[in-house]
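The values are calculated or read from the model by the stated rules, or taken from the named source; none is laboratory data. What you are looking at is a predicted structure, and each value in this text was computed from that prediction instead of being measured. Counting neighbours? That spans all protein chains shown, and the Cβs are built from the backbone with ideal geometry, glycine included.
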Amino acid sequence: MELLDVDRSIVVAIDLQGKLMDMVVRPRLVLGATVRLLKLAGLFSVPVVLTEQYPKGIGPTHPGVRAAFDALTGPKFVMEKTAFGCCGDPQFEVLLSRARAGLPPSRRQIVVAGIEAHVCVMETVVELLGSGHQVHVCWECVSGRGEEYRRHALERMVQAGAVLTNHESVAFEWAKSKDHLQFKAMSALLKEGQLTA
């Protein structure tokens with residue numbers, strides 16, 4: 001598994017929605033880290049795909065996540081779905097192809113945030129790995145309705161071949177060096193307040 005390349009990365013934020021966000025373990029940590037991840041994607045012009053699982057029943061994306069997504073000026077895409085794993089919807093591959101035109105799945109690096117760890121996130125990660133993608137899962141941006149569900153889902157994703165990471169590591173891998181034009185802005189963003197559970 002390689003370090004992340006800013007020109008090959010896509011952030012996928014899975015189902016961070018109203019009713020579910022209220023029930024997961026450490027919702028404030030997930031929210032804060034995911035918002036930072038989206039802002040970092042914006043700084044580095046990394047495309048973002050945001051998904052919603054049956055929003056009519058579960059509710060829309062959390063307002064904090066949606067505000068960070070809406071503020072992005074780079075490529076961004078929204079997909080409503082009923083399949084649990086994102087790859088179960090043919091539109092998902094279309095959006096990934098649009099996000100990184102010309103890159104085959106084997107060259108794409110997918111950075112994952114979302115809920116729930118043991119259902120939609122885990123199924124999406126396993127499906128992406130099965131289709132040849134590299135997948136990097138930000139542990140603090142992923143949760144579920146119970147610590148055991150979350151922990152064992154993360155273990156299963158790693159066993160399947162995913163890399164367990166965090167939003168700060170993602171940012172430093174994208175920057176590569178303190179000489180990157182966005183390094184100062186990245187550092188300032190990462191110093192903004194301590195993330196808490």
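Here Arg145 does not qualify as of a type in the set (Lys, Arg) and assigned to a helix (DSSP H, G or I). Considering only residues in the range 46-96 that are more than 18 Å from His118 (Cα to Cα) and among the β-branched types (Val, Ile, Thr), the one that is surrounded by the fewest Cβ atoms within 10 Å (Cβ to Cβ) turns out to be Thr73.
Could you say whether any residue in the range 29-46 is aliphatic (A, V, I, L, M), over 12 Å from the mean Cα position of the chain (by Cα) and within 15 Å of Trp174 (Cβ to Cβ)?
yes
Results for (1) assigned to a helix (DSSP H, G or I); (2) more than 17 Å from the chain's Cα centre (by Cα); (3) closer than 20 Å to Ser45 by Cα, shown as yes or no for each residue.
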site	(1), (2), (3)
Phe84	no, no, no
Val111	no, no, yes
Thr124	yes, no, no
Gly132	no, yes, no
Tyr149	yes, yes, no
Met157	yes, no, no
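Would you confirm, using the coordinates I've provided, whether Lys39 is in contact with a strand residue (DSSP E or B) (Cβ under 9 Å, 6 or more places away or on another chain), at pLDDT 95 or above and not small (Gly, Ala, Ser)? Criteria not met by Lys39. Entry remark, the range 120-148: residues being free of Cβ contacts under 8 Å to residues at least 40 places away in the same chain and either under 30 Å from Leu189 (Cβ atoms) or polar (S, T, N, Q) (or both) number 7 in total. Scanning the range 181-197 for residues that are at pLDDT 95 or above and in a loop (DSSP other than H, G, I, E, B) gives Leu181, Gln182.
Residues of the range 5-24 that are farther than 17 Å from Gly64 by Cα and surrounded by fewer than 22 Cβ atoms within 10 Å (Cβ to Cβ): Asp5, Val6, Asp7, Arg8.
Within the range 162-180, being part of a loop (DSSP other than H, G, I, E, B), free of Cβ contacts under 8 Å to residues at least 60 places away in the same chain and closer than 19 Å to Ala13 by Cα holds for one residue alone: Ala162. What's the number of the only condition in (1) in a helix (DSSP H, G or I); (2) under 15 Å from the mean Cα position of the chain (by Cα) that Cys138 fails to meet? Looking at each condition in turn, Cys138 falls short on (1).
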